[in-house]
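What follows is one structure encoded as structure tokens, with my remarks underneath.
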Amino acid sequence: MKRSFFLLLPLALLLTACPAAEGPNPPEPPEPETITQLGRVQLVETTGAGFPESTSAVASFNEVPDVRAPDNPFASSLDTCFITQDRDANPPFLGSPGGVIPGRDLDAGEAITVFAGEQTLTTLRREDGDDPFYLQDDQSLGALPEVPLSVSVPGAEFPAFERASFVGAPRLALGAPEASEPITPESTFTWTPFTPADGYSAVFLSAVQLDPEAPENGVFLACLASNDGTFAFPEATKAELEAAGFVGGELFAVGRFTSRVERAEGAALYLQTLRQEVLFTGSGL
């Protein structure tokens, strides 16, 4: 059964609760200095709907134009939705932080090490070729452990970072709607809000409406919501759903993104997690 829709990441982003701050995210800091190198290490935990609990780790390091990379990469996409009938299309908010277009791949050292507490969780090793890239050693990781997570980058062309910390965040549990309820343009989503004290967070919500006569066809919906505990579709999204013929679909996956950034020597390293639960039970994907 093919389930490619927005699974996310190997995309398709510690998980002890942190002290709360005021508002859904801490205030934006002053505009950052420009950078010429952009790195990202992502941990993606997937649970639910017949999936074995698993975690994938991905890392990328790139040359970029002289740009200002935002501390909060979610800010410009919060409370927006992406609607498509192409199951292989990914929402733009799943792309490079802040929409920065990455250039040449950079060498960041032989191995990137992710730690769970004081223990090694996984290692991503450099694969040499025309451009260096990194692959995860252990492809059978289970769910993320409930301990602080960090990463070390040894450095080469991209600078070194030592035990840089990921943001701690609990899994997302929807209060409404229930997984069995149809998703309509009038649906309202609720959950316990969460504000990290040391970074930024956002909530990922996705749904699918399949054509029972042609289950290979469908309308796919993904939204990035402020982590303030409630979300309803904006009027513009409702109009898009109506135009696409979306009247009642099924929850596909929900999750919580977190992100923080460390900077050094003209480089920004984004540390991101996604803890997502797959709720889809249909057979059309």
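The values are calculated or read from the model by the stated rules, or taken from the named source; none is laboratory data. Because the structure is predicted, anything quoted here is derived from the model rather than measured. Ideal geometry is used to build each Cβ from the backbone, glycine not excepted, and the neighbour counts take in all protein chains shown. Heads up: the accessible areas ignore ligands, DNA and RNA and are worked out on the full protein's heavy atoms, side chains in. Shrake-Rupley method; radii C 1.70, N 1.55, O 1.52, S 1.80 Å.
What the table below lists for this structure:
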read-out: Boolean, Asp138 is more than 25 Å from Asp198 (Cβ to Cβ), open to solvent by less than 60 Å² (accessible area, probe 1.4 Å) and either in a loop (DSSP other than H, G, I, E, B) or at pLDDT 90 or above (or both); value: yes
read-out: Any hit, region 163-172, residues being under 18 Å from the mean Cα position of the chain (by Cα), modelled with pLDDT under 95 and open to solvent by 70 Å² or more (accessible area, probe 1.4 Å); value: yes
read-out: Filtered residue count, region 257-266, keeping only those that are touching a Leu at 6+ places or on another chain (Cβ under 9 Å) and surrounded by fewer than 24 Cβ atoms within 10 Å (Cβ to Cβ); value: 3
read-out: Condition met for Phe82 (surrounded by 14 or more Cβ atoms within 10 Å (Cβ to Cβ), in contact with a Phe, Trp or Tyr (Cβ under 8 Å, 6 or more places away or on another chain), at pLDDT 95 or above and under 27 Å from Val219 (Cβ atoms)); value: yes
read-out: Residue in region 85-101 that is most open to solvent (accessible area, probe 1.4 Å), counting only those that are of a type in the set (S, T, N, Q) and under 16 Å from the mean Cα position of the chain (by Cα); value: Asn90
read-out: Residues of region 41-69 classified as under 16 Å from the mean Cα position of the chain (by Cα) and not charged (D, E, K, R), total; value: 13
read-out: Test result for Pro148, open to solvent by less than 60 Å² (accessible area, probe 1.4 Å) and closer than 25 Å to Phe74 by Cβ; value: no
read-out: Residues being under 14 Å from Phe280 (Cα atoms) and in a strand (DSSP E or B) - total across region 175-214; value: 7
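Table: residues versus (1) out of contact with any strand residue (DSSP E or B) (no Cβ under 8 Å at 6 or more places or on another chain); (2) open to solvent by less than 10 Å² (accessible area, probe 1.4 Å); (3) at pLDDT below 95.
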{"site": "Thr190", "(1), (2), (3)": "no, no, no"}
{"site": "Ser201", "(1), (2), (3)": "no, yes, no"}
{"site": "Leu210", "(1), (2), (3)": "no, no, yes"}
{"site": "Thr230", "(1), (2), (3)": "no, no, no"}
{"site": "Ala244", "(1), (2), (3)": "no, no, yes"}
{"site": "Val247", "(1), (2), (3)": "no, no, yes"}
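Residue-by-condition table, conditions (1) within 18 Å of Ala253 (Cβ to Cβ); (2) at pLDDT below 95; (3) touching a helix residue (DSSP H, G or I) at 6+ places or on another chain (Cβ under 8 Å); (4) assigned to a strand (DSSP E or B):
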{"position": "Gln37", "(1), (2), (3), (4)": "no, no, no, yes"}
{"position": "Glu53", "(1), (2), (3), (4)": "yes, yes, no, yes"}
{"position": "Pro65", "(1), (2), (3), (4)": "no, yes, no, yes"}
{"position": "Asn72", "(1), (2), (3), (4)": "no, yes, no, no"}
{"position": "Ile101", "(1), (2), (3), (4)": "no, yes, no, no"}
